[in-house]
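Enquirer: Pasting in a structure now, in structure tokens, and then I'll have a few things to ask.
The values are calculated or read from the model by the stated rules, or taken from the named source; none is laboratory data. Only a predicted model underlies this, so the values are computations on that prediction, with no experimental measurement involved. Because the Cβ atoms are built from the backbone with ideal geometry, glycine has one as well, and the counts that use them run over all protein chains shown.
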Amino acid sequence: MRETSRKPQATSRKPGVRGLELEAWGSRRPVVVVSKCLLGERCRYNGETISAPVVLSLSDRVEFVPVCPEMGIGLLVPRDPIRLVKTRRGIRLIQARTGRDLTTRMRRFCREFLSGLPVRGFILKSRSPSCAVWDAVVDDDGGKLTGETRPGVFAAEVLACFPGLPVEDEERLEEPSAGRRFVGLLSASGRGLQSSLPPKAKLDSQSRRSTILLRE
């Protein structure tokens, strides 16, 4: 379930997943989906919290919608780590200790969460098997590193479903001027809002693209 970090100011609202309300297109601040752990929430697999000041510095200019995809599919805190694993069936999301394949459950959560989401950008956790934009490590089916990096499963869905929107991780936002550039792109994306609200049929089609991405 997603949740806004503060009460929206706009009077016009659009219902979100499971009855949650989010800012509609008339909002003064763009809606940005952010990995919940980057806001200091205790949701990481080991129960620890992290600090991402560069993300928090944007809180007065955007409306954050926090998400932890791993908790979204029912995993607890703390929990056994999950990994991207290269198998004969493609790249799968596996909980190593238990051997559970969580790929299908994660993709189902992504489709539900992203469908009809009035969003203008994403800030996701680097190196996460669910949220990494590009640098999640991939193991072989014996548990050894392959040397490959990929988007996490949630991030792959985001990249496939919202190709025109800015998507960054907290480490890239640390680069000089990256924060200003990200905010500028949010404003630019606001001029093409129809493309940032995919209907369910379009989302299902684009979701298949993320499946192909993970299988390559």
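Enquirer: I want to confirm something. Restricting to segment 59-79 and keeping residues that are of a type in the set (Val, Ile, Thr) and over 16 Å from VAL153 (Cβ atoms), which single residue is surrounded by the fewest Cβ atoms within 10 Å (Cβ to Cβ)? It would help to see each step written out before you state the result.
Expert: Filtering segment 59-79 for residues of a type in the set (Val, Ile, Thr) gives 62, 65, 67, 73, 77.
Keeping just the survivors that are over 16 Å from VAL153 (Cβ atoms) gives 62, 65, 77.
Numbers: VAL62: 21, VAL65: 23, VAL77: 15.
The qualifying residue surrounded by the fewest Cβ atoms within 10 Å (Cβ to Cβ) is VAL77.
Enquirer: Shifting gears a bit: I'm told CYS37 meets every condition in (1) of a type outside the set (S, T, N, Q); (2) exposed (fewer than 15 other Cβ atoms within 10 Å of the Cβ); (3) modelled with pLDDT of 50 or more except one. Can you identify the failing condition by its number?
Expert: With respect to (1) of a type outside the set (S, T, N, Q); (2) exposed (fewer than 15 other Cβ atoms within 10 Å of the Cβ); (3) modelled with pLDDT of 50 or more, CYS37 is out only on (2).
Enquirer: Return the only residue of PHE122, PHE113 being under 22 Å from PRO66 (Cα atoms), at pLDDT 85 or above and assigned to a helix (DSSP H, G or I).
Expert: On the way: PHE122 fails: assigned to a helix (DSSP H, G or I).
From the options PHE122, PHE113, the qualifying one is PHE113.
Enquirer: Would you call GLU168 surrounded by fewer than 21 Cβ atoms within 10 Å (Cβ to Cβ), at pLDDT 95 or above and assigned to a strand (DSSP E or B)?
Expert: Numbers: surrounded by fewer than 21 Cβ atoms within 10 Å (Cβ to Cβ): no; at pLDDT 95 or above: yes; assigned to a strand (DSSP E or B): yes.
When the stated conditions are applied, GLU168 does not pass them.
Enquirer: Another one. Against the condition in contact with an Asp or Glu (Cβ under 6 Å, 6 or more places away or on another chain) and modelled with pLDDT of 95 or more, how does CYS131 come out, does it pass?
Expert: Answer is no for this residue.
Enquirer: Please go through segment 67-99 and pick out each residue that is acidic (Asp, Glu) and on the phi > 0 side of the Ramachandran plot.
Expert: none
Enquirer: Follow-up. Tell me, yes or no, whether segment 139-155 has at least one residue that is at pLDDT 95 or above, more than 17 Å from ARG79 (Cβ to Cβ) and assigned to a helix (DSSP H, G or I).
Expert: Yes: segment 139-155 contains one or more residues that are at pLDDT 95 or above, more than 17 Å from ARG79 (Cβ to Cβ) and assigned to a helix (DSSP H, G or I).
Enquirer: Ok, one more. Within segment 80-105, how many residues are in a loop (DSSP other than H, G, I, E, B) and either among the small types (Gly, Ala, Ser) or buried (at least 17 other Cβ atoms within 10 Å of the Cβ) (or both)?
Expert: Of the residues in segment 80-105, 3 are in a loop (DSSP other than H, G, I, E, B) and either among the small types (Gly, Ala, Ser) or buried (at least 17 other Cβ atoms within 10 Å of the Cβ) (or both).
Enquirer: Another question, if that's okay. How many residues are part of a loop (DSSP other than H, G, I, E, B), in contact with a helix residue (DSSP H, G or I) (Cβ under 6 Å, 6 or more places away or on another chain) and of a type in the set (Val, Ile, Thr) when one looks only at segment 51-73?
Expert: Within segment 51-73, residues that are part of a loop (DSSP other than H, G, I, E, B), in contact with a helix residue (DSSP H, G or I) (Cβ under 6 Å, 6 or more places away or on another chain) and of a type in the set (Val, Ile, Thr) number 1.
Enquirer: Six or more apart or on different chains, Cβ under 6 Å: which pairs go from a residue in segment 53-73 that's under 9 Å from VAL32 (Cβ atoms) to one that's surrounded by fewer than 19 Cβ atoms within 10 Å (Cβ to Cβ) and small (Gly, Ala, Ser)? Could you list them?
Expert: If the second residue must be surrounded by fewer than 19 Cβ atoms within 10 Å (Cβ to Cβ) and small (Gly, Ala, Ser), the pairs left are PHE64/SER5.
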